[in-house]
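The values are calculated or read from the model by the stated rules, or taken from the named source; none is laboratory data. These numbers come from a predicted model, not from an experiment. Positions of Cβ are generated from backbone atoms using ideal geometry, with glycine treated the same way; all protein chains shown enter the neighbour counts.
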Amino acid sequence: MESDSHRLRGIVMNIFTSGMHGKGEPGAQYKFMMLNLILIVGTPFVLVFGLFDIYRNIQPLGYIITTAGLLCVGCFYFLRRTKNYVSLGYFLISVLFPMFLYLLASGGSNNSGILWYYSFPPIVLFLLGFRKGSAVVFTSLFIAGVILFWPGTPLLSATYPADVKLRFIPSVIVLWSITSLFEHVKAAAMRIEIKNSELRDSVEQLRQAREALSSEKGRLAVTLRSIGDGVIATAMDGSVTLINKVAEEMTGWSQEDVAGKGVEEVVRVRDRRSGQPCSTALKSVLWDGRTASARDYKLLAGRNGVERIIADSGAPILDKDGKIIGAVLVFRDVTDQVHMEEDLYRTGKLESVGLLAGGIAHDFNNILAGIGGNAELARIAREQGREPGAYLKRISLASHRATALTHQLLTFAKGGAPVIRSIDLSNVLRETVEFALSGSRVRGSVSAADDLWAVFADSGQIVQVISNLVINAAQASPEGGDIEVAAENIVIGDEQIPALAAGKYVMLTVSDHGTGIAPEYVNKIFDPYFSTREGTGLGLAIAYSIMKKHNGHIGLVSQVGKGTVFTLYLPASFEKAEEEFPAEGTVAARHTGKVLVVDDEDDLRQCLCEILEYAGFVVCSVDDGAKALSVYKEAMNSEHPFDIVLTDLTIPGGMGGVETIGSLLRIDPKARVAITSGYSQDPIMADFASYGFRGIIEKPYDFSTLSDTVARLIASP
């Protein structure tokens, strides 16, 4: 039963939607259905009335109505064929207009013509709309009025009573008004329906967009959780908007905790060398809107107190118009990597020192032989009454050579995080190549551009890199030969060398003509512990690590049997280069002043005192800092206090330089204290002023440098 009802409903709907195609606009669908309703319901009545009037011999009314019915049938067929309700509407009006006027004029069947005419205004307004429909209605009303009230029309006067004629025009106007109001309400309802439809579409689009956004957010969350680096997103004011799981673990802050907090509060970092608080790479991103990566590793302090070494980078977040709406910070825990690199550095340094030991021993033996031989010759000359000055001068020159060799060895031994400063590579290259090839059968040559730029680098670590490369080159040339080291200025463009940012660099090349490296080993040459010869195989891995720390680059080109060329790039500096070693002074005539010497080595203390006394100073010496305090206080109460104190940095079992100056400055805030040490690379020597020292004097002592330095420090304010 229910299926029959559905079937019947389907047949009816199919009839009333006949000729309709597609979904179309709601107004068009509505008019299509109404046209079908008029044609399907009205056509049978028109045909029946027409045929009935023909049967009753009412002429010519029966034929006119029958013809109109047949035209309506044709309209229905036309509607199904053309599917154009607008054209059909005009056609129906053109048929109904004369027919209804005739019905009005003739009275129609049983004098019903006036009733037929009352149906004309609603049909016209519906089919043509308010403006066109109103024009047609009032035009037809005018014609109908003429027909009804034209004098000498017996048919009409006999057919319609006078009161009907008088009510006709107001009735049509009222009917037109009601229909117009209905059409306006219907149009408003249609517009509301259209708006509602648009709103429903918008709501659906928003729902789909929300679902897509939710899905995308879910994928983003999964992606962020799977990333092994810490990721933090911020707004333009630096407040954290998102933090992934790795970042939560490293910082100790959860997503709920960071709401509204600044990134600098969540990611608290310090400089590895100074220990002072510093900013992440995100600060420069928010400042100038460009991707940034930090040059140096930083220390990240978590909320639980655990510190990690991190490498961080930042990038802007852009909207669809390219406007910056925030930034993202990515940081990676490199603690294990840094520790491994430092271990590699120390281990590789031992390997390199072992390889250099033969050359160092060779040079020192030569120096000692020169000193011992010339000392013996000086003794013989003195016994024979001859002047020993020439032999003593040779001893002095030999001691200078030993001093230079010691400086190089100490510089080579320097390690740890790079202490970046502006240095001139020209002298560093020559000294390093000469030192690395000591006792070798290989000859080394160094060439540097006359206008070579200074570089930002740690001289000790760059010496380590060059030494490793030169030693490798020497080992690759077992039959001897030449090694060329060259330095020149170069400007690197964008993406020219992927590992380097665009800018100015100094390019170093170390070339040999040895055995070369097999192609299958070239990509492994910088791997830790990889070696094709005896040894730990750490030299090139250390060189690679050092160059990376300097924001530089190292690469190579090699051919088996022809040799290898290593190429290094170091960032150029346009600051004045710092001197690696103090320049030698000139011998002053005579100096004045009172000096207190503190040193636990009797021979060195006696030598230092005699040099200073020879230069004209009044000298007093002690072997411990505690004794120095007592002597200094006693001299303060006399007429001749000390002008300067020279104290050794380390005094085993006694008070060394740092403890001594702290106590001296409490006794006399104006005390002048200089530090002496054989450890020229000690951090205290490099930063002596922050401890209160006025200057440094490196061992072994040079007469002119020592006397001039002491005199200058005494004269300083």
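Condition first: at pLDDT below 80 and under 20 Å from the mean Cα position of the chain (by Cα). Now tell me which residues in region 221-269 satisfy that.
A221, T223, L224, R225, S226, I227, G228
From the list S704, S630, which residue is in a helix (DSSP H, G or I), of a type outside the set (V, I, T) and either over 29 Å from A402 (Cβ atoms) or in contact with a helix residue (DSSP H, G or I) (Cβ under 9 Å, 6 or more places away or on another chain) (or both)?
Residue meeting the stated conditions: S630.
Among S119, S109, S134, which is the only one that is at pLDDT below 70 and either among the polar types (S, T, N, Q) or closer than 20 Å to R167 by Cα (or both)?
One residue alone meets the criteria, S109.
Which of the residues that make up region 230-287 are in contact (Cβ under 8 Å) with a residue 40 or more places away in the chain, more than 11 Å from A327 (Cα to Cα) and crowded, with 19+ Cβ neighbours inside 10 Å?
Within region 230-287, G230, A247, M250, T251, W253, V267, V269, T280 meet the criteria.
Considering (1) at pLDDT 90 or above; (2) under 30 Å from T509 (Cα atoms), say which one G561 fails and leave the rest.
Only one criterion is unmet by G561, namely (1).
Would a scan of region 532-547 turn up a residue that is on the phi > 0 side of the Ramachandran plot, at pLDDT below 75 and in a loop (DSSP other than H, G, I, E, B)?
Yes.
Taking only region 434-468 into account, find how many residues are of a type in the set (V, I, T) and outside any helix (DSSP H, G or I). Please lay out each step first, then the result.
Keep residues of region 434-468 that are of a type in the set (V, I, T), which gives 442, 446, 455, 462-463, 465-466.
If we keep only those that are outside any helix (DSSP H, G or I) too, we end up with 442, 446, 455.
Here the count works out to 3.
Restricting the search to region 493-506, which residues are out of contact with any helix residue (DSSP H, G or I) (no Cβ under 7 Å at 6 or more places or on another chain) and buried (at least 18 other Cβ atoms within 10 Å of the Cβ)? Walk me through how you get there before you give the answer.
At the first step, the residues of region 493-506 found to be out of contact with any helix residue (DSSP H, G or I) (no Cβ under 7 Å at 6 or more places or on another chain) are 493-505.
Once the filter is applied, which keeps residues that are out of contact with any helix residue (DSSP H, G or I) (no Cβ under 7 Å at 6 or more places or on another chain) and buried (at least 18 other Cβ atoms within 10 Å of the Cβ), region 493-506 yields only Y505.
Would you check which residues across region 633-652 are in contact (Cβ under 8 Å) with a residue 24 or more places away in the chain and either of a type outside the set (A, V, I, L, M, F, W, C) or assigned to a strand (DSSP E or B) (or both) and list them?
K633, H640, P641, D643, I644, V645, L646, T647, D648, T650, P652 - these are the residues of region 633-652 that are in contact (Cβ under 8 Å) with a residue 24 or more places away in the chain and either of a type outside the set (A, V, I, L, M, F, W, C) or assigned to a strand (DSSP E or B) (or both).
State whether one or more residues within region 276-285 are at positive phi and assigned to a loop (DSSP other than H, G, I, E, B).
No, that holds for no residue.
Check off (1) modelled with pLDDT under 70; (2) closer than 16 Å to L47 by Cβ; (3) surrounded by 16 or more Cβ atoms within 10 Å (Cβ to Cβ) for Y77 and give me the number that stays unchecked.
(3)
I need every pair where a residue in region 370-382 that is surrounded by 14 or more Cβ atoms within 10 Å (Cβ to Cβ) has its Cβ under 8 Å from the Cβ of a residue that is in a helix (DSSP H, G or I) and not hydrophobic (A, V, I, L, M, F, W, C), sequence separation at least 6 or different chains.
Close Cβ pairs satisfying both conditions: G370/R394; I371/S399; N374/Y391; N374/R394; A375/Y391; L377/Y391; A378/Y391; A381/Y391.
What about T586, is it of a type in the set (S, T, N, Q), surrounded by fewer than 16 Cβ atoms within 10 Å (Cβ to Cβ), in a loop (DSSP other than H, G, I, E, B) and at pLDDT below 75?
When the stated conditions are applied, T586 passes them.
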